[in-house]
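Okay, so here's the structure we're looking at.
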Amino acid sequence: MAKTVRETIKEITHKHLKQKKSLILGQCLSAIGWVGGTVPQLKEKDGITELSMADVANGGIVVGAGLSNRRPIYVIRYQGFSWFNAPIILNYACKSKEIWKVPCPIFIRGIAMEGFIGPVAGSSHHSIYYRMPGIKIMSPMTPKEYFLSYKNFMKDNDVYYISEHRGSYDNKSELKDYLDKNLEIIIFCISITRFEAKKARDFLLKKGIKVGIANILWIKPFKIKRSWIEALKNSKSGGIILDDDYTTGVASDMAYKLMKYSKKKIDVMGLKDRSAGFSKKTDNLPPQAEEIIKIIFKKVKLKK
Amino acid sequence: MKNKSFRIDVFKRAALCRNFEEEVIYNLKKKIIKMPTYVSAGQEFISSTLSVLCKQKKLKPLLFGQHRCHSIYLSFGGNIKKLIDELLGFKSGCTQGIGGSASIHSKEINMYGHDGLMGSNGPIGVGACFATKKPTIIFLGDASAEEDYVLGALGWASRKKLPILFIIEDNNLSILTEKKVRRNWEMADVAKSFKMNGYTINDDPLNIKKVSKDIFKKPILLNINTNRIYWHAGSGKDSDKTFDRFKYERKKIGKKAFDIDKDIKKQIKRIWQKQLEKL
């Protein structure tokens, strides 16, 4: 029976602790739910390390653990908490190999979620990490992708930021690219937006609009597939990037790169440029299928 | 080790640090060293004493310093030539000429470089100590100790009963802002409130030795009052009246100390001259 993303993370973590004798550090790891069921119910002696609520210090403590080459896993329970957790990781761990020739590999699990949880706890914040040299960023949404992310980390000695989303934890399916020669438009999607992109595509196909999908797993380095550029070049209306973060970070940079290689126009959709509130009315959600459909309709219409 | 021979051992290391720093000052004034430089002259008895204590205990601790770290590097046996090269910006420097004065690193002596975020070495050192269980010394200034994340790291180190020593090199100044302007509390009291042993002492080697009996058996914090002879950065002096532990110890030990100082001065000068030929 296929595993969910949740089960995959839990299994990887179990092996990492038991076989590699490593550590997993974070806040409230052993609280009810064990981080959405992704952390195995082990003991402190097995490497489960409960940190205090001092977020900035915790980021530094994890860097120290990273210097020991035990390849710690660090759980940031809401990606927005990275505003506190990231400074020492980005300024020390990411630079350590370059400046001091001391690798500091850390597998950072930044967890995103949505649903009326306000301006900090909601959505993804991978753009905070994106600008710093010495970090790799992946956003796995499927079991295979998650395993691949871990595998890459284990054969590498860089800091890995894994932009997770709780919305993917129950997912068992792999998400494929849909690329063809005569597409109207191609959606390049990151994190949780990948599920909405698929919904939008299915709807638009029924309306006779051929939409392609390119799934972005590697955020940094942004690994652009040749097939994406070919499909873009052959498309009628270019592409659109969907992100679960604000559009002024990762998404815009990716759009620039894709435009440079394909000479086609790429739009970006992400969080609106405002803070999220704690109610349905005031929330700031990533692009939903209906919004994506609307934008694509508009683009197609303009083209005609 | 008897107090006298201990004092002499410490003085030898302090003399190495002081004479090195005097050469740094000379080369700063001559504009041969062009990078921002933070000399540790005046504060060298702290690292010199701790290095002798560690040697006695046959320990090679993990060292986490920040800027003003030349004395840590030299006291614990860092390669002098590599430090000179670093200050001259050569690739052969201990941090490949990238780290400069403020970010000294040496794998050989377990000294980890600093990233420039004041006090980040606090939590990083705690994490390294936790993951390795190796004896660890974290050197902070009285200003960087005020960083909120240092306090968070102290508390957690205490909770985990780590074999760690927090050293606050308290020169009372953050650039030129005095401690009393910045806060009304002391780090030793903070340590005690975190259920750690905390002491406020001066940089007399015997005082440091006295409170260091239990180091690395449990987390301890020593707030050591000391004096910075030169400016925060560069070669200027805050005052000519600043108490100088080096001169005090040299006088107290007597002729032997003067002889040691003279010998080391010669050696250091020679090494500097040779390294400067690379320019």
Open item on the list: Using Cβ contacts closer than 10 Å as the measure, can you line up A:M1, B:M118 from fewest to most?
Closed with: A:M1, B:M118
TODO: Give the residues of the stretch B:62-83 whose amide nitrogen is closer than 19 Å to a point set 7 Å from the Cα of B:Q267 in the direction of its Cβ.
DONE: B:70-83
Open item on the list: Relative contact order for chain B: what percent, with Cα pairs under 8 Å and sequence separation of 6 or more?
Closed with: 22 percent
TODO: Take every Cα-Cα distance within the protein assembly as shown, group them into 20 Å bins from 0 onward, and report for each bin the whole-number percent of pairs it holds.
DONE: 20, 43, 26, 10, 1
- [ ] State the antiparallel share, in %, of DSSP beta bridges confined to chain A, rounding to the nearest 5.
- [x] 10 percent
Task: Tally of Lys pairs whose C-alpha atoms are under 17 Å apart, taken over the stretch B:1-82, 8 or more apart or cross-chain - done: 7
Task: Magnitude of the charge dipole, the stretch A:5-168, Cβ model with Lys/Arg +1 and Asp/Glu -1, debye to 20 - done: 540 debye
- [ ] Return the FRET efficiency for the residue pair A:K97, A:S279: r is the Cβ-Cβ distance, R0 is 35 Å, and the value is rounded to the nearest 0.05.
- [x] 0.20
Task: Restricting the stretch B:238-279 to trypsin sites (Lys or Arg not before Pro) in coil, as DSSP defines it, with at most 12 other Cβ within 10 Å - done: B:K241, B:K278
Open item on the list: Report for the protein assembly as shown the percent antiparallel among DSSP-assigned beta bridges with both residues inside it, nearest 5.
Closed with: 10 percent
Open item on the list: Compute, for the protein assembly as shown, the length of the dipole vector about the Cα centre, with Cβ point charges of +1 (Lys, Arg) and -1 (Asp, Glu) only. Units Debye, rounded to 20.
Closed with: 1480 debye
Open item on the list: Given contacts defined as C-alpha pairs under 8 Å and at least six residues apart, what's the relative contact order of the stretch A:185-303, whole-number percent?
Closed with: 29 percent
- [ ] Mind jotting down the distance between the C-alpha centroids of the stretch A:1-80 and the stretch A:220-235, whole Å?
- [x] 35 Å
TODO: With label points built 7 Å along Cα→Cβ from the Cα atoms of B:K237 and B:L59, find their separation and express it in nm.
DONE: 3.7 nm
Task: Mean Kyte hydropathy of 0.5 or more with a Cα span along the axis of at least 15 Å, helices from DSSP in chain A - done: A:55-67
Open item on the list: Within chain B, which whole H helices from DSSP have a Cα span along their axis of at least 15 Å and a mean Kyte-Doolittle hydropathy of -0.5 or more, if any?
Closed with: B:3-29, B:44-56, B:121-132, B:148-159
Task: Charged-residue dipole, Cβ positions (Lys, Arg, Asp, Glu), the stretch B:3-276 about Cα centre, Debye nearest 20 - done: 1080 debye
- [ ] Determine, for A:R77, B:R13, A:R274, the number of other Cβ atoms within 10 Å of each Cβ, and report the residues in order from fewest to most.
- [x] A:R274, A:R77, B:R13
Task: Spin-label proximity, A:K176 to the stretch A:212-252 - amide N less than 20 Å from point 7 Å beyond Cα toward beta carbon - done: A:212-218, A:225-232
Task: Ranking of A:T8, A:T38 by count of other Cβ atoms within 10 Å, fewest first - done: A:T8, A:T38
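Values in this text are rule-based calculations from the coordinates and carry no lab data. All figures in this text were calculated on a predicted structure; none of them were measured in a lab. We place every Cβ from the backbone using ideal geometry, glycine too, and count neighbours over all the protein chains shown.
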